[in-house]
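**Student:** Before I ask anything, here is the structure I am working with.
The values are calculated or read from the model by the stated rules, or taken from the named source; none is laboratory data. For clarity, every value in this text was computed on a predicted model and none was experimentally measured. In this analysis, Cβ positions are derived from the backbone assuming ideal geometry, glycine residues included, and neighbour counts consider all displayed protein chains.
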Amino acid sequence: CVLELGGSDPFIVLNDANLDEAVQAALIGRFQNSGQVCAAAKRLIIEEGVVEAFTAKFLEASRNLVMGDPTATETYIGPMARFDLRDELDGQVQATLAEGATLLLGGSKVEGAGNYYAPTVLANVTDQMTSFKQELFGPVASIITARDADHAVALANDSEFGLTASVFTTDPQKARSIANQLETGGIFINAYSVSDPRVSFGGVKKSGFGRELSHFGVR
């Protein structure tokens, strides 16, 4: 038996990271498939030395995402799977804003035909807020500030989920050290989370148990 039960994956960006690469990866990692991905980059944990610059770049890139007909080539944000899921997502966003987060982009259902939710960026999210504690399965990014690398690890592990995580830094030794401390089934260094038939995939904690793919899957 294999259970893959979703997650609230941390996406850590340290002060020495290549910000342009980190922003592009965060954009894809959070908004691909309209944010409806189990291993999406749901909690963007940014070290305080670069959080302002990262937020500005990420916000600009998010504003340029095209929402519309999912069969159109230029579309990046399509509709959500079900109306009740969109309502649930909006409830989580509104709860997070009521708890003190800052809305930088989106934050609402789109009127008219189709089950669309506007690409949303929440800043100043803390570990006590809804979008930090729960899985947001839609096009919503939560930006969380970490004091340093140790704080980033603590924030990443402060979750009932543990599917995958990403770490962005130009220091390979630091990346490996952080990877060894993270409570997740998979770690991606300077990349957003993906699945690959050469590597096993699965989570820990409430993200499930067992492993898909690789020789585990064959057996």
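**Student:** Name the pairs whose Cβ atoms lie under 8 Å apart, with the first residue in the stretch 135-151 and over 12 Å from C38 (Cα atoms) and acidic (D, E), the second modelled with pLDDT of 95 or more and not in a loop (DSSP other than H, G, I, E, B), and 6 or more positions between them or separate chains?
**Tutor:** D148/E47
**Student:** Please report, ordered by residue number, the helices (runs of 4 or more DSSP H) entirely within the stretch 94-200 with at least 1 residues that are closer than 27 Å to G78 by Cα.
**Tutor:** Helices (runs of 4 or more DSSP H) meeting the threshold: 130-133.
**Student:** Name the single residue, out of those in the stretch 58-78 being small (G, A, S) and in contact with a helix residue (DSSP H, G or I) (Cβ under 6 Å, 6 or more places away or on another chain), that is farthest from V13 (Cα to Cα).
**Tutor:** G78
**Student:** Separate question: May I ask you to list the residues in the stretch 107-132 that are without any contact (Cβ under 8 Å) to a residue 40 or more places away in the chain and over 18 Å from F54 (Cβ atoms)?
**Tutor:** Passing the criteria: G107, S108, K109, E111, G112, A113, G114, N115, D127, Q128, M129, T130.
**Student:** Take the stretch 34-57 and flag every residue that is assigned to a strand (DSSP E or B) and under 27 Å from S200 (Cβ atoms).
**Tutor:** A41, K42, R43, L44, I45
**Student:** Taking the options G7, G35, name whichever one is buried (at least 23 other Cβ atoms within 10 Å of the Cβ) and over 25 Å from Q181 (Cβ atoms).
**Tutor:** So the residue among G7, G35 that is buried (at least 23 other Cβ atoms within 10 Å of the Cβ) and over 25 Å from Q181 (Cβ atoms) is G35.
**Student:** Looking only at residues in the stretch 1-33 that are in a helix (DSSP H, G or I) and of a type in the set (G, A, S), which one is farthest from the chain's Cα centre (by Cα)?
**Tutor:** Applying the filter and picking the extreme gives A22.
**Student:** Right, something else. Keeping to the stretch 60-76, report how many residues are of a type outside the set (D, E) and either in contact (Cβ under 8 Å) with a residue 24 or more places away in the chain or under 24 Å from A22 (Cβ atoms) (or both).
**Tutor:** 8
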